[in-house]
1. For residues in the stretch B:189-222 being in a loop (DSSP other than H, G, I, E, B) and among the hydroxyl-bearing types (Ser, Thr, Tyr), which is modelled with the lowest pLDDT?
2. Farther than 21 Å from residue A:268 by Cα and in contact (Cβ under 8 Å) with a residue 60 or more places away in the chain: does that describe residue A:176?
3. Would you pick out the residues in the stretch B:160-181 that are more than 14 Å from every other protein chain (Cβ to nearest Cβ) and not hydrophobic (A, V, I, L, M, F, W, C)?
4. Can you say whether residue A:184 is of a type in the set (Gly, Ala, Ser), in a loop (DSSP other than H, G, I, E, B) and out of contact with any Ser or Thr (no Cβ under 9 Å at 6 or more places or on another chain), as far as the supplied structure shows?
5. Quick one: count up the residues across the stretch A:1-58 that are touching a helix residue (DSSP H, G or I) at 6+ places or on another chain (Cβ under 8 Å) and more than 9 Å from chain B (Cβ to nearest Cβ).
6. Identify the single condition in (1) among the hydroxyl-bearing types (Ser, Thr, Tyr); (2) within 22 Å of residue B:65 (Cα to Cα); (3) assigned to a loop (DSSP other than H, G, I, E, B) that residue B:252 does not satisfy, given that it satisfies every other one.
7. Looking only at residues in the stretch B:240-265 that are within 14 Å of another protein chain (Cβ to nearest Cβ) and not aliphatic (A, V, I, L, M), which one is surrounded by the most Cβ atoms within 10 Å (Cβ to Cβ)?
8. Among the numbered conditions (1) closer than 24 Å to residue B:95 by Cα; (2) at pLDDT 95 or above; (3) touching a His at 6+ places or on another chain (Cβ under 9 Å), tell me where residue B:255 comes up short.
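The values are calculated or read from the model by the stated rules, or taken from the named source; none is laboratory data. Remember, it's a predicted structure, so these values are computed and weren't measured experimentally. With ideal geometry, Cβ positions are generated from the backbone for all residues, glycine too; neighbour counts draw on all protein chains shown.
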Amino acid sequence: MPIERGLQYLRQMQRVTLKNLPMPLEKTDKWKREHPDENTMKTIMSKKGPISRSGLPPYGIDPIQAEGRLPWILTVPKEPYYEGVEEARQYLPISLRTLQRLIDLRRINPARPIDLPVLCNTKLFSIQPDQRQFGLQLTDEGADLFSTPINLEIQWVSSEVATAAIERCGGILTTRYFDPVSLSALIDAKKFFERGEPIPRCDTPPLNAIEYYTDPKQRGYLANPDLIREERQRLAQKYGYKLPDASKFSPMFHLRKDPRQIFFGLAPGWLVNLKDQTILKPKDNKFETFYHS
Amino acid sequence: MMIKSSSIAKILRHCSVFRSIQRFESSTTTSFPPESPASPITQQLPLIVSRQIEYPHIRYPPLQAWLETLGQKRDEKLGLVDLHPSIWQTSPRLDILYENVEWQKTYKKIDWAYTPPHHEYPNMRTKPWPQKGTGRARHKSRFGPQWKGGYKVNGPKGPTSFFYVLPKEKRVEGLCTALTVKLHQNDVHIVDSLDLPTHQPTYLQELAEDRFWGPSILFVDDTDIMPHNIMFATAKTEGFTLMPVYGLNVHSMIKHTTLVLTIRALNKIEKKLLHALHSYDTQKDQPPAPDEP
């Protein structure tokens, strides 16, 4: 602790007197140039020169590169092709073909729900939350090959063919938003538990994403489940397949997460202790209201 | 004699018996000879003076200091006093102490330097010698800047004040750091009152020498009306000063080697500083101000 170390020094060192106090640091040349004192101002604002004769050029003009009277910044036109690049969200693609391949090679268990940590544990994807990457998106390459029922949770789906391919085999698709803090916990779960932080609660999606995640057509996690069922029927009719019975499959298949929950089986606010193989749960009311709100 | 309050506080922190008013009659009589346990020895028994600590600190428990007397030469401790950690255990920011000391020096400073300009000189506007003919340089007046005894062009004009008010947070922080610095360098002594048995200055001087209370001592009391004996004693010794609480400042605390507070002064100082540390800009959330000025 910095305070206790400072006090330790105080106890060991000499008495603090008026002569022992530290002088302030010297001002750098850069600071002095930006904050001229009285005498330099007097030499600048003398009776001669372009300053006193109002002969200075306007701001932004370099006399060597000036073409006409406009500065360079105004002569070059604006071409906003990449406007909004700094705020756009990125999703790494995963195709149905890779999914089928992973299931065939037994790297993924289709009997359990397939989640973002499950896909990251295959070490095929490197998601970087600080590069504005918010998860994975499903592409429709390999829709004809896909033939296993799975419970998939993905962050973005842009094509109907992909959803239809999954639901034709009897699977379930949900799109789910994770904010960067919970993403960093999900990508490397073991590392996160070794850090010793309580499980964060997932924030609501930003304004330009709420419409997507409340849409039943995209199977958003905030959408009405009745509307989702309608959409499944509609897709089945459109692409010409019959929806298989959902009651045949195990209850593990139908697991869904709470909007604030990140991990299956663990609630936000819990502390996982890997060394002692225990989980610590908060008891106080305020924590419970915060983490389950 | 040099008792380190911090180490004792560490020992006592392990026993959790010091937060309430208690009269230790059985546990501390081991130090005294076992004579007449029935008769109550009121003065010699160590007391714990109860002090209700407002705005208790979240992290640190209260510190402890000995309660001493000036009434007798023999160094006997009367008990323990609780001290608030926000005031007596802050980070030792010596640069804030420097700023406070500089402020105390310069806000009263007035620079009386004045060089009269051209028009305030005596009216010798006549040419000293004609323009041409004489072999000398051409001059217009006898009091030009290049002449001896002439006016100065851009010299200091009139009284300039160096008045500025250091922000309140820095002043409060300066007082708190000065108090922590004194406490952790064993230069603070808390005393029940400033009553002396005699008015002889030698009594105080010998008392201070025996207890190693440095060459200069600052006595701080509640009000500005002090007992007669101590007034006489401090007036005759060099280095001892009396001060009421409203005169407490960083420069005096650092200049004097030791600081002697009475309990009533301690209460007042803590009350005022805590009110300043926990007050806000908006009037709505202000806690009520203390009654006395």
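1. Within the stretch B:189-222, the match that is modelled with the lowest pLDDT is B:193.
2. Criteria not met by residue A:176.
3. The answer is B:161, B:164, B:167, B:168, B:169, B:171.
4. On the way: of a type in the set (Gly, Ala, Ser): yes; in a loop (DSSP other than H, G, I, E, B): no; out of contact with any Ser or Thr (no Cβ under 9 Å at 6 or more places or on another chain): yes.
Judged against the criteria, residue A:184 is not a match.
5. Matching residues across the stretch A:1-58 total 2.
6. It is condition (3) that residue B:252 fails.
7. Per the stated criteria, the residue is B:258.
8. All conditions pass for residue B:255, except number (3).
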